[in-house]
Amino acid sequence: MDQDKAQEKGQKTGQEKGVEEGQEKKYRIVVINPGSTSTKVGVFVNQKKIFVERLYHDSSEMARFETIQSQLGYRTLLVERTCQQNEVILDKVDAFVGCGGGMLSCKSGVYQINEKLIYDCETAAAGVHHPAMLAAQICRRLVNKYGGRGFTVDPPDTDEFQDLARISGLKGIYRESRVHCLNQKAVAREYCQEKGLDYHDCNLIVVHMGGGISVTAHRKGEMVDSNDVLAGDGPMTPTRAGSIPTTKILKLAFSGNYTYDQLEERLTRKGGLIDQLGTDDAVEIERRITKEDDRYAALIFDAMIYQVAKQIGACAMVLKGKVDAILITGGMSRSDYIVERLKDYAGWLAPVWVKPGEMEMEALAAGAYRALRGEEEILTYTGVPVFKGFHSRRYKI
């Protein structure tokens, strides 16, 4: 059967699967989020979490796969087994939803998984090879096998930049939108819901602090500027070197001490706290600072916080000082050490609101739920980038 026809059949099946209870249908939603060392699998009924499991992958086991794409069958089987072990009847699932990855730049929202989306994920059309590109493919396999609908929500390739944010000092080289979109949008929506505000009426600065750090200006519901978290722009992070003067990078590149891959790894996966302190564990670093009076650890850790604060200040300028709130989220937002110092730097700009940890699984489920209920338009992925350069736009170059 043609896959798009199978998807259409799955849609009809999924629409019929919601179980009536009172005035509200109950939708069963499976959430899939592959990472470098693990795969998260969760089941939700409407927006209520039934379970979330993180399946860790042994490095020796993963070494047998030559490429990320070749892991597809292995990870799909793990998702199926985890659901079955938790007594989830897969042919009664209404939607399978996965994180985005591999797509070309697109607007934010809920996307139905179609053939073009699958092709771009298979080929890593965005140029970034990451296990997240398997999520939509796993969803499609499960939809074809069990029925239901397949979605992805607020992919990391979301691009809502204003034109001013795209410009660099080299003609034809543009700054790109690479942000923790899924978690940032979810946190922004939760804050606005709690405060009785409309996200599309607010100016917010959202700070996601995990292995990567993205600091983003949200203006009236759009992420109009941010640092490029994948390309190494912005503050240093637990694993990334952050922005470094260009000529210093050139000297490293032409020193003869690195291949391209080795230097990229040092800058984007083994830089930051790992390079400076030998660990990316914020808890361990705080212990060194508070228990061992490690002054160098304090200098480096405080420098990272300082750099994040400077990025917050930059976003405040983008919003012309009209900032309704600063929202701090991600794994490192659990640290009082970090949060209190950020408040000391930036608390005068706007109220600071903290949402510890990540909401990615919840955000994916919530997006699928809104789509199933007809509360949000379901978008069609075309593979046509949001931004293709200024030559085809209103500027004459």
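The values are calculated or read from the model by the stated rules, or taken from the named source; none is laboratory data. Quantities reported herein were computed from a predicted structural model and do not represent experimental measurements. Backbone-built Cβ (ideal geometry, glycine too); neighbour counts: all protein chains shown. For accessibility, only protein heavy atoms count, side chains too; no ligands or nucleic acids. Shrake-Rupley method; radii C 1.70, N 1.55, O 1.52, S 1.80 Å.
Things worth noting here:
- Per-residue HN-Hα couplings for the stretch 84-92 [Karplus 6.51, -1.76, 1.60; θ = phi - 60°; Hz; x = Gly/Pro]: 5, 5, 9, 6, 8, 8, 5, 7, 10
- Surface composition of the stretch 206-304: carbon and sulfur make up 52 percent of the accessible area, probe 1.4 Å.
- ³J(HN,Hα) computed for each position of the stretch 187-196 - Karplus, 6.51 cos²θ - 1.76 cosθ + 1.60, integer Hz, glycine/proline x: 5, 4, 5, 5, 4, 5, 5, 5, 8, x
- By the rule of a C-alpha distance below 22 Å, with chain neighbours fewer than 8 residues away ignored, the lysines paired with Lys248 are Lys171, Lys270, Lys310.
- Accessible solvent surface per residue of the stretch 229-344, calculated while the other protein chains remain in place, 1.4 angstrom probe, Å²: 56 Å²
- Beta bridges by DSSP in the stretch 150-273, antiparallel share as percent, to the nearest 5: 100 percent
- Distance between the pseudo-spin-label points of Tyr395 and Ser59 (7 Å out from Cα toward the beta carbon): 4.4 nm.
- In the context of the full protein assembly, Leu250 retains an accessible surface of approximately 90 Å², using a probe radius of 1.4 Å and ignoring ligands and nucleic acids.
- For the stretch 119-182 versus the stretch 303-372, the gap between their alpha-carbon centres in whole angstrom: 22 Å
- Estimated from helices alone, the mean residue ellipticity of the chain at 222 nm is -11500 deg cm²/dmol (sum of -39500 (n - 2.57) over DSSP H runs with n ≥ 4, per residue).
- Here Arg64 sits with roughly 140 square angstrom of accessible surface, probe radius 1.4 Å.
- Per residue, the stretch 33-124 exposes an accessible area of 46 Å² to a 1.4 Å probe, with every protein chain left in place.
- Sequence-distant residues sharing a close amide H with Thr158 (under 5 Å, placed H): Cys106
- Across Arg81, Arg149, Arg240, mean-square fluctuation computed from a Gaussian network of the chain (C-alpha pairs under 10 Å connected) peaks at Arg81.
- Over the chain, the fraction of Cα-Cα pairs per 10 Å bin, rounded to whole percents and listed from the shortest bin up, is 5, 21, 31, 27, 13, 3, 0.
- Ellipsoid semi-axes for the stretch 235-324, based on the Cα gyration tensor and the rule √(5λ), read 25, 22, 10 Å when sorted largest first.
- The accessible-area ordering, largest first, of the residues Lys270, Lys185 stands as Lys270, Lys185, per a 1.4 angstrom probe.
- When you restrict to C-alpha pairs under 8 Å that are six or more residues apart and normalise by the size of the chain, the relative contact order lands at 18 percent.
- Bridge orientation summary for the chain: considering DSSP beta bridges with both residues in this region, about 60 percent are antiparallel.
- Our note on the geometry: Cα centres of the stretch 270-290 and the stretch 89-117, 36 Å apart.
- Of the residues Pro351, Pro34, Pro385, the one that moves most in a GNM of the chain with alpha-carbon contacts below 10 Å is Pro351.
- Accessible area in the full protein assembly, largest first, 1.4 Å probe, for Val215, Val386: Val386, Val215
- Figure legend: label point modelled 7 angstrom from the Cα of Asp228 along Cα→Cβ; residues of the stretch 169-211 with amide N under 14 Å from it are 169-179.
- Bridging of Lys48 to aspartates and glutamates at a Cα separation below 13 Å is possible for Glu362, once same-chain residues fewer than 8 apart are set aside.
- Ranked by solvent-accessible area (1.4 Å probe, protein heavy atoms only, all chains present), the residues Tyr369, Tyr395 order from largest to smallest as Tyr395, Tyr369.
- For the stretch 334-387, the alpha-carbon coordinates run over 44, 29, 17 Å along the three principal axes, in decreasing order.
- Taking the chain as a Gaussian network of alpha-carbon nodes connected by springs under 10 Å, the highest mean-square fluctuation of the residues Ile205, Ile167, Ile29 belongs to Ile167.
- Solvent-accessible surface (1.4 angstrom probe) belonging to Val318, in square angstrom, nearest 10: 30 Å²
- For the stretch 252-358, the list of chymotrypsin sites (Phe, Trp or Tyr not before Pro) that fall in a loop by DSSP and count at most 11 other C-beta atoms within 10 angstrom reads Phe254, Trp348.
- Too-long pairs where the Cα-Cα distance tops 32 Å, listed order kept, from Lys25/Lys343; Lys40/Lys291; Lys107/Lys145; Lys195/Lys291: Lys25/Lys343; Lys40/Lys291; Lys195/Lys291
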